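Report on the following structure.
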Amino acid sequence: EKGKGAKGKALHYKGTPFHRIISGFVVQGGDIIHGDGRGSESIYGGTFADENFKIKHSHAGVVSMANSGPDSNGSQFYITTVKASWLDGEHVVFGKVIQGMDIVYMIEGGAGTYSGKPRKKVIIADSGEIPKSKWDEET
């Protein structure tokens with residue numbers, strides 16, 4: 001947790017839902033304000049600028065910032081379940097799933113719809129930072 005944001009909400013993902021799950025595309029969460037995709041707040045307060053677009057949406061398991069246009073990154077993020085090159089240059093990639101992609105596919109298959117409105121509630125049970133000493137571990 002990074003304290004409380006300007007809107008008074010705790011700055012962490014614990015207990016927040018994946019509010020948009022599109023079958024054959026993406027699992028999206030991170031609305032720490034409303035939990036339904038309408039809210040977003042970064043640890044810097046409000047939103048922050050795009051860093052760069054060097055890393056591409058070249059495979060499933062890419063983790064990127066969800067945004068509403070240039071330089072509007074907040075707390076929302078998504079995980080792709082397919083290659084999604086049409087998102088290149090629009091959304092900043094900041095990570096990849098290195099373990100547990102089977103769980104992402106289970107979420108997509110069990111709760112995903114073509115409209116994106118989840119069939120079932122999917123909640124992030126816990127969250128936090130991985131210590132730098134464990135960054136290279138895959139198990």
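The values are calculated or read from the model by the stated rules, or taken from the named source; none is laboratory data. Computed from a predicted structure; not experimentally measured. Here the Cβ positions follow ideal geometry from the backbone for every residue, glycine too, while neighbour counts run over all protein chains shown.
Tell me which residues, restricted to the range 46-65, are over 19 Å from Y105 (Cα atoms) and touching a Gly at 6+ places or on another chain (Cβ under 6 Å). Outline the logic, then answer.
Residues of the range 46-65 that are over 19 Å from Y105 (Cα atoms), as a first pass: 46-56, 65.
Residues satisfying the conditions are T47, F53.
Regarding V63, is this residue under 16 Å from I124 (Cβ atoms), at pLDDT 95 or above and in contact with a helix residue (DSSP H, G or I) (Cβ under 8 Å, 6 or more places away or on another chain)?
No; evaluated as a whole, the condition is false for this residue.
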> In the range 44-62, what residues are over 15 Å from the mean Cα position of the chain (by Cα), hydrophobic (A, V, I, L, M, F, W, C) and in a loop (DSSP other than H, G, I, E, B)?
Replying inline: A49, F53, I55
> Counting just the residues of the range 1-31 that are over 17 Å from V97 (Cβ atoms) and among the small types (G, A, S), which one comes out surrounded by the most Cβ atoms within 10 Å (Cβ to Cβ)?
Replying inline: G5
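Can you tell me how many residues in the range 96-139 are of a type in the set (A, V, I, L, M) and surrounded by fewer than 11 Cβ atoms within 10 Å (Cβ to Cβ)? Spell out how you get there, then give the answer.
Taking the range 96-139 and keeping what is of a type in the set (A, V, I, L, M), we get 97-98, 101, 103-104, 106-107, 111, 122-125, 130.
Imposing the further condition that a residue be surrounded by fewer than 11 Cβ atoms within 10 Å (Cβ to Cβ) reduces the set to 125, 130.
Here the count works out to 2.
Considering only the range 120-137, state which residues are in a loop (DSSP other than H, G, I, E, B) and either free of Cβ contacts under 8 Å to residues at least 24 places away in the same chain or touching an Asp or Glu at 6+ places or on another chain (Cβ under 6 Å) (or both).
Applying the first criterion (in a loop (DSSP other than H, G, I, E, B)) to the range 120-137 yields 120-122, 124-131, 135-137.
Residues satisfying the conditions are K120, E129, I130, P131, W135, D136, E137.
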